Amino acid sequence: MARLEGKIVLITGAARGIGAATAKAMQAEGAQIMITDIDQPAAKALADSLGPHVASTALDVRDPASWAMAVEATKARFGGLHVLVNNAGYGGGHIESLETLDQETARQIIDINFLGAVWGHQAVIPLMRASGGGSIVNIASNTGVLTMNGYSVYAATKAALISLTKTAAMELGPDIRVNAVLPGSVHTDMSNLMNMDYETFSSALGGMPLKRAAKPEEIAEPIIFFASDAARHCTGAELLIDAGQSTGIYFQMLPGHPDTPFHKLTQAGPEKMKPKP
Ligand SMILES: NC(=O)c1ccc[n+]([C@@H]2O[C@H](COP(=O)([O-])OP(=O)(O)OC[C@H]3O[C@@H](n4cnc5c(N)ncnc54)[C@H](O)[C@@H]3O)[C@@H](O)[C@H]2O)c1
(Lines give C-alpha, C1' and ligand atoms only; values in the text may rest on other atoms or scores of the structure.)
Protein backbone atom coordinates (compact mmCIF):
# COMPACT_ATOMS: atom_id res chain seq x y z
CA MET A 1 0.00 0.00 0.00
CA ALA A 2 1.17 3.54 -0.78
CA ARG A 3 2.60 5.23 2.30
CA LEU A 4 0.32 8.32 2.19
CA GLU A 5 -2.93 6.80 0.92
CA GLY A 6 -5.86 8.90 2.20
CA LYS A 7 -3.66 11.73 3.51
CA ILE A 8 -4.37 15.36 2.62
CA VAL A 9 -1.18 17.44 2.56
CA LEU A 10 -0.39 21.16 2.37
CA ILE A 11 3.20 22.09 1.39
CA THR A 12 4.53 25.65 1.52
CA GLY A 13 7.13 27.00 -0.91
CA ALA A 14 6.37 24.04 -3.15
CA ALA A 15 6.70 25.63 -6.59
CA ARG A 16 10.34 24.51 -6.88
CA GLY A 17 13.24 22.86 -5.07
CA ILE A 18 12.65 20.57 -2.08
CA GLY A 19 8.94 21.46 -1.86
CA ALA A 20 8.26 20.54 -5.50
CA ALA A 21 10.23 17.28 -5.20
CA THR A 22 8.23 16.45 -2.05
CA ALA A 23 4.92 17.15 -3.79
CA LYS A 24 5.86 14.80 -6.64
CA ALA A 25 7.03 12.04 -4.28
CA MET A 26 3.96 12.38 -2.06
CA GLN A 27 1.62 12.23 -5.04
CA ALA A 28 3.26 8.94 -6.01
CA GLU A 29 2.56 7.72 -2.45
CA GLY A 30 -1.19 8.34 -2.81
CA ALA A 31 -1.60 11.74 -1.10
CA GLN A 32 -3.92 14.55 -2.11
CA ILE A 33 -1.83 17.69 -2.15
CA MET A 34 -2.31 21.46 -1.94
CA ILE A 35 0.79 23.03 -3.46
CA THR A 36 1.25 26.54 -2.11
CA ASP A 37 3.82 29.23 -2.85
CA ILE A 38 4.16 33.00 -3.01
CA ASP A 39 4.88 32.34 -6.72
CA GLN A 40 1.33 31.32 -7.64
CA PRO A 41 1.83 30.83 -11.42
CA ALA A 42 4.71 28.40 -10.81
CA ALA A 43 2.69 26.57 -8.13
CA LYS A 44 -0.27 26.25 -10.52
CA ALA A 45 1.91 25.01 -13.39
CA LEU A 46 3.35 22.27 -11.15
CA ALA A 47 -0.08 21.27 -9.78
CA ASP A 48 -1.57 21.11 -13.29
CA SER A 49 1.25 18.79 -14.37
CA LEU A 50 0.62 16.39 -11.48
CA GLY A 51 -3.03 15.54 -12.12
CA PRO A 52 -6.44 15.73 -10.41
CA HIS A 53 -5.31 14.90 -6.86
CA VAL A 54 -3.05 17.97 -6.74
CA ALA A 55 -4.26 21.57 -6.51
CA SER A 56 -2.58 24.90 -5.87
CA THR A 57 -3.23 28.15 -4.09
CA ALA A 58 -1.29 31.31 -3.31
CA LEU A 59 0.23 31.48 0.18
CA ASP A 60 2.61 34.06 1.56
CA VAL A 61 3.70 32.43 4.82
CA ARG A 62 4.46 35.84 6.39
CA ASP A 63 0.77 36.70 6.44
CA PRO A 64 -1.68 34.96 8.84
CA ALA A 65 -4.63 36.05 6.66
CA SER A 66 -3.01 34.33 3.66
CA TRP A 67 -2.61 31.18 5.80
CA ALA A 68 -6.33 31.26 6.71
CA MET A 69 -7.29 31.44 3.03
CA ALA A 70 -4.96 28.59 2.03
CA VAL A 71 -6.30 26.32 4.80
CA GLU A 72 -9.88 27.19 3.77
CA ALA A 73 -9.05 26.41 0.13
CA THR A 74 -7.64 23.02 1.19
CA LYS A 75 -10.79 22.22 3.15
CA ALA A 76 -13.01 23.28 0.23
CA ARG A 77 -11.04 21.20 -2.30
CA PHE A 78 -10.16 18.05 -0.31
CA GLY A 79 -12.40 18.17 2.79
CA GLY A 80 -9.69 18.15 5.50
CA LEU A 81 -5.98 18.26 6.30
CA HIS A 82 -3.61 15.65 7.78
CA VAL A 83 -0.11 16.89 6.93
CA LEU A 84 1.57 20.31 6.86
CA VAL A 85 5.09 20.64 5.45
CA ASN A 86 6.55 24.01 6.53
CA ASN A 87 9.09 24.20 3.72
CA ALA A 88 9.07 27.81 2.42
CA GLY A 89 12.41 29.42 3.09
CA TYR A 90 14.59 32.36 2.23
CA GLY A 91 18.37 32.55 2.42
CA GLY A 92 18.87 36.21 1.65
CA GLY A 93 21.73 35.20 -0.64
CA HIS A 94 23.77 33.56 2.16
CA ILE A 95 26.72 35.78 1.33
CA GLU A 96 26.44 38.63 3.78
CA SER A 97 28.64 38.86 6.81
CA LEU A 98 26.93 39.68 10.09
CA GLU A 99 28.74 43.01 9.99
CA THR A 100 27.09 44.12 6.75
CA LEU A 101 23.74 42.26 6.72
CA ASP A 102 21.01 44.86 6.12
CA GLN A 103 17.99 45.13 8.40
CA GLU A 104 15.39 44.45 5.73
CA THR A 105 17.03 41.18 4.62
CA ALA A 106 17.45 40.05 8.23
CA ARG A 107 13.75 40.72 8.95
CA GLN A 108 12.66 38.88 5.77
CA ILE A 109 14.66 35.81 6.76
CA ILE A 110 13.09 35.78 10.24
CA ASP A 111 9.56 36.47 8.88
CA ILE A 112 9.68 33.69 6.29
CA ASN A 113 11.79 30.97 7.93
CA PHE A 114 10.60 31.27 11.52
CA LEU A 115 7.46 33.37 12.00
CA GLY A 116 5.96 31.91 8.79
CA ALA A 117 6.15 28.47 10.41
CA VAL A 118 4.67 29.80 13.68
CA TRP A 119 1.64 31.18 11.81
CA GLY A 120 1.44 27.89 9.90
CA HIS A 121 1.17 25.79 13.06
CA GLN A 122 -1.56 28.08 14.39
CA ALA A 123 -3.50 28.10 11.10
CA VAL A 124 -3.73 24.32 10.61
CA ILE A 125 -4.44 23.09 14.15
CA PRO A 126 -8.30 23.34 14.04
CA LEU A 127 -8.69 21.64 10.63
CA MET A 128 -6.08 18.97 11.47
CA ARG A 129 -7.90 18.14 14.72
CA ALA A 130 -11.25 18.09 12.91
CA SER A 131 -9.68 15.67 10.40
CA GLY A 132 -8.72 13.21 13.17
CA GLY A 133 -5.18 14.48 13.84
CA GLY A 134 -2.06 14.78 11.76
CA SER A 135 1.61 15.50 11.30
CA ILE A 136 3.58 18.74 10.88
CA VAL A 137 7.03 18.49 9.28
CA ASN A 138 9.29 21.52 9.64
CA ILE A 139 12.15 21.90 7.15
CA ALA A 140 15.00 23.27 9.23
CA SER A 141 18.68 22.83 8.28
CA ASN A 142 21.92 21.43 9.63
CA THR A 143 22.91 25.10 10.06
CA GLY A 144 20.37 25.05 12.91
CA VAL A 145 22.80 22.86 14.86
CA LEU A 146 26.26 23.75 13.55
CA THR A 147 25.98 27.20 11.83
CA MET A 148 28.25 28.53 9.07
CA ASN A 149 29.98 31.78 8.18
CA GLY A 150 27.71 34.00 6.05
CA TYR A 151 24.60 32.32 7.53
CA SER A 152 24.19 34.32 10.75
CA VAL A 153 20.46 35.12 10.82
CA TYR A 154 19.46 32.23 8.52
CA ALA A 155 21.12 29.68 10.82
CA ALA A 156 19.54 31.31 13.87
CA THR A 157 16.06 30.98 12.31
CA LYS A 158 16.69 27.28 11.70
CA ALA A 159 17.81 26.78 15.32
CA ALA A 160 14.62 28.58 16.37
CA LEU A 161 12.55 26.31 14.11
CA ILE A 162 14.08 23.21 15.75
CA SER A 163 13.16 24.65 19.14
CA LEU A 164 9.62 25.45 17.95
CA THR A 165 9.30 21.85 16.72
CA LYS A 166 9.93 20.55 20.23
CA THR A 167 7.54 22.98 21.96
CA ALA A 168 4.83 22.30 19.39
CA ALA A 169 5.30 18.54 19.82
CA MET A 170 4.79 18.93 23.57
CA GLU A 171 1.71 21.11 23.24
CA LEU A 172 -0.07 19.49 20.27
CA GLY A 173 0.20 15.79 21.11
CA PRO A 174 -1.19 13.22 21.13
CA ASP A 175 -3.26 13.89 18.02
CA ILE A 176 -0.77 16.11 16.17
CA ARG A 177 2.89 15.06 15.78
CA VAL A 178 5.58 17.65 14.99
CA ASN A 179 9.05 16.75 13.67
CA ALA A 180 11.92 18.46 11.85
CA VAL A 181 14.05 17.50 8.86
CA LEU A 182 17.54 19.06 8.75
CA PRO A 183 19.05 19.00 5.25
CA GLY A 184 22.66 19.93 4.49
CA SER A 185 23.64 21.18 1.05
CA VAL A 186 20.90 20.51 -1.51
CA HIS A 187 21.14 21.27 -5.23
CA THR A 188 18.35 23.89 -5.50
CA ASP A 189 18.05 27.55 -6.49
CA MET A 190 18.50 28.62 -2.86
CA SER A 191 21.98 27.22 -2.36
CA ASN A 192 23.20 26.94 -5.95
CA LEU A 193 23.81 30.66 -6.26
CA MET A 194 26.34 30.26 -9.07
CA ASN A 195 24.02 28.05 -11.12
CA MET A 196 26.37 25.05 -11.26
CA ASP A 197 25.37 21.61 -12.54
CA TYR A 198 24.95 18.91 -9.87
CA GLU A 199 28.44 17.38 -10.26
CA THR A 200 30.26 20.73 -10.10
CA PHE A 201 28.12 21.86 -7.16
CA SER A 202 28.87 18.59 -5.32
CA SER A 203 32.60 18.73 -5.99
CA ALA A 204 32.77 22.31 -4.72
CA LEU A 205 31.57 21.14 -1.29
CA GLY A 206 34.09 18.55 -0.02
CA GLY A 207 34.66 18.02 3.70
CA MET A 208 31.75 15.64 4.30
CA PRO A 209 31.72 11.84 4.60
CA LEU A 210 29.41 11.16 1.63
CA LYS A 211 31.24 13.76 -0.50
CA ARG A 212 28.24 15.01 -2.47
CA ALA A 213 25.27 17.37 -2.24
CA ALA A 214 21.71 16.05 -1.93
CA LYS A 215 19.26 16.08 -4.78
CA PRO A 216 15.90 17.56 -3.68
CA GLU A 217 14.12 14.20 -4.05
CA GLU A 218 16.48 12.71 -1.45
CA ILE A 219 15.13 15.20 1.12
CA ALA A 220 11.55 14.20 0.24
CA GLU A 221 12.13 10.71 1.70
CA PRO A 222 12.46 11.66 5.41
CA ILE A 223 9.61 14.16 4.96
CA ILE A 224 7.38 11.31 3.74
CA PHE A 225 8.52 9.19 6.69
CA PHE A 226 7.51 11.82 9.28
CA ALA A 227 4.24 12.49 7.43
CA SER A 228 3.30 8.81 7.29
CA ASP A 229 1.94 6.44 9.92
CA ALA A 230 5.35 4.69 9.94
CA ALA A 231 6.43 7.59 12.19
CA ARG A 232 3.40 7.26 14.49
CA HIS A 233 5.63 7.07 17.60
CA CYS A 234 7.84 10.03 16.55
CA THR A 235 7.26 13.55 17.75
CA GLY A 236 9.67 16.34 18.66
CA ALA A 237 12.36 14.53 16.65
CA GLU A 238 14.94 16.03 14.31
CA LEU A 239 16.51 14.08 11.48
CA LEU A 240 19.77 15.23 9.91
CA ILE A 241 20.01 14.37 6.22
CA ASP A 242 23.28 16.13 5.36
CA ALA A 243 25.77 13.56 3.99
CA GLY A 244 27.38 13.60 7.43
CA GLN A 245 28.40 17.27 7.03
CA SER A 246 27.71 17.99 10.69
CA THR A 247 29.30 14.88 12.20
CA GLY A 248 32.64 16.47 13.09
CA ILE A 249 35.73 18.36 12.03
CA TYR A 250 38.20 16.80 9.60
CA PHE A 251 41.75 17.31 10.89
CA GLN A 252 44.00 17.23 7.87
CA MET A 253 47.05 15.77 9.64
CA LEU A 254 45.20 12.62 10.78
CA PRO A 255 44.05 9.56 8.84
CA GLY A 256 40.55 9.41 7.33
CA HIS A 257 40.26 12.98 6.06
CA PRO A 258 39.09 13.87 2.54
CA ASP A 259 41.44 13.89 -0.42
CA THR A 260 42.51 17.52 -0.71
CA PRO A 261 45.67 19.13 -2.15
CA PHE A 262 46.91 19.58 1.42
CA HIS A 263 46.27 15.87 2.11
CA LYS A 264 48.39 14.90 -0.91
CA LEU A 265 51.21 17.08 0.35
CA THR A 266 51.19 15.48 3.82
CA GLN A 267 51.12 11.98 2.22
CA ALA A 268 54.21 12.87 0.22
CA GLY A 269 56.14 12.95 3.49
CA PRO A 270 57.73 15.48 5.79
CA GLU A 271 60.59 16.24 3.34
CA LYS A 272 58.14 17.64 0.78
CA MET A 273 56.46 19.76 3.44
CA LYS A 274 59.59 21.64 4.42
CA PRO A 275 59.54 25.26 3.26
CA LYS A 276 61.86 25.87 0.33
CA PRO A 277 65.02 27.72 1.32
N1 LIG B 1 18.88 24.12 -0.53
C2 LIG B 1 19.55 23.82 0.55
O3 LIG B 1 20.77 23.55 0.51
C4 LIG B 1 18.84 23.75 1.88
C5 LIG B 1 19.56 23.24 2.98
C6 LIG B 1 18.94 23.18 4.22
C7 LIG B 1 17.63 23.61 4.36
N8 LIG B 1 16.95 24.11 3.29
C9 LIG B 1 15.57 24.56 3.50
O10 LIG B 1 14.70 23.83 2.67
C11 LIG B 1 13.55 24.64 2.36
C12 LIG B 1 13.34 24.65 0.86
O13 LIG B 1 14.48 25.23 0.25
P14 LIG B 1 14.86 25.05 -1.30
O15 LIG B 1 16.31 24.81 -1.32
O16 LIG B 1 13.91 24.13 -1.97
O17 LIG B 1 14.63 26.56 -1.77
P18 LIG B 1 14.09 27.18 -3.16
O19 LIG B 1 14.61 28.58 -3.16
O20 LIG B 1 14.38 26.29 -4.29
O21 LIG B 1 12.50 27.20 -2.93
C22 LIG B 1 11.92 27.99 -1.94
C23 LIG B 1 10.48 28.29 -2.30
O24 LIG B 1 9.91 29.09 -1.25
C25 LIG B 1 9.09 30.09 -1.84
N26 LIG B 1 8.90 31.23 -0.95
C27 LIG B 1 9.79 32.20 -0.66
N28 LIG B 1 9.23 33.12 0.16
C29 LIG B 1 7.97 32.69 0.40
C30 LIG B 1 6.90 33.19 1.18
N31 LIG B 1 7.00 34.35 1.86
N32 LIG B 1 5.74 32.48 1.23
C33 LIG B 1 5.62 31.33 0.53
N34 LIG B 1 6.59 30.82 -0.25
C35 LIG B 1 7.76 31.48 -0.30
C36 LIG B 1 9.82 30.45 -3.13
O37 LIG B 1 8.95 31.10 -4.08
C38 LIG B 1 10.33 29.10 -3.60
O39 LIG B 1 9.43 28.46 -4.48
C40 LIG B 1 13.85 26.01 2.96
O41 LIG B 1 13.20 26.15 4.19
C42 LIG B 1 15.35 26.01 3.14
O43 LIG B 1 15.75 26.89 4.15
C44 LIG B 1 17.52 24.19 2.05
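The values are calculated or read from the model by the stated rules, or taken from the named source; none is laboratory data. Owing to the predicted nature of the structure, the values given are computational and were not obtained by experimental measurement. Positions of Cβ are generated from backbone atoms using ideal geometry, with glycine treated the same way; all protein chains shown enter the neighbour counts. Note: areas computed on protein heavy atoms with side chains; ligands, DNA, RNA excluded. Shrake-Rupley method; radii C 1.70, N 1.55, O 1.52, S 1.80 Å.
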Checklist outcome for this item: Expressed per residue, the solvent accessible area of region 89-248 in Å² (1.4 Å probe) is about 48 Å²
Item to check | Subset of K7/K44; K24/K166; K75/K215; K166/K211 violating a 26 Å alpha-carbon distance limit | outcome: K24/K166; K75/K215; K166/K211
Next on the checklist: Give the aspartates and glutamates reachable from K158 as a straight Cα distance under 14 Å; neighbours fewer than 8 places away on the same chain don't count.
Outcome noted: D111, E238
Next on the checklist: Once neighbouring chains are kept in place and the probe is 1.4 Å, which whole percent of the accessible area of the chain is contributed by carbon and sulfur?
Outcome noted: 58 percent
Checklist outcome for this item: From DSSP H assignment alone, runs of 4+ in the chain each adding -39500 (n - 2.57), the sum over residues rounded to the nearest 500 puts [θ] at 222 nm at -12000 deg cm²/dmol
Item to check | D_trans [Stokes-Einstein, Kirkwood Rh over alpha-carbon pairs] for region 8-250, 20 °C, 1.002 mPa s, µm² s⁻¹ | outcome: 120 µm²/s
Checklist entry - Say a site is exposed when it is one of the trypsin sites (Lys or Arg not before Pro), sits in a DSSP loop, and has at most 14 other Cβ atoms within 10 Å; what is then the longest site-free stretch of the chain? => result 1-210
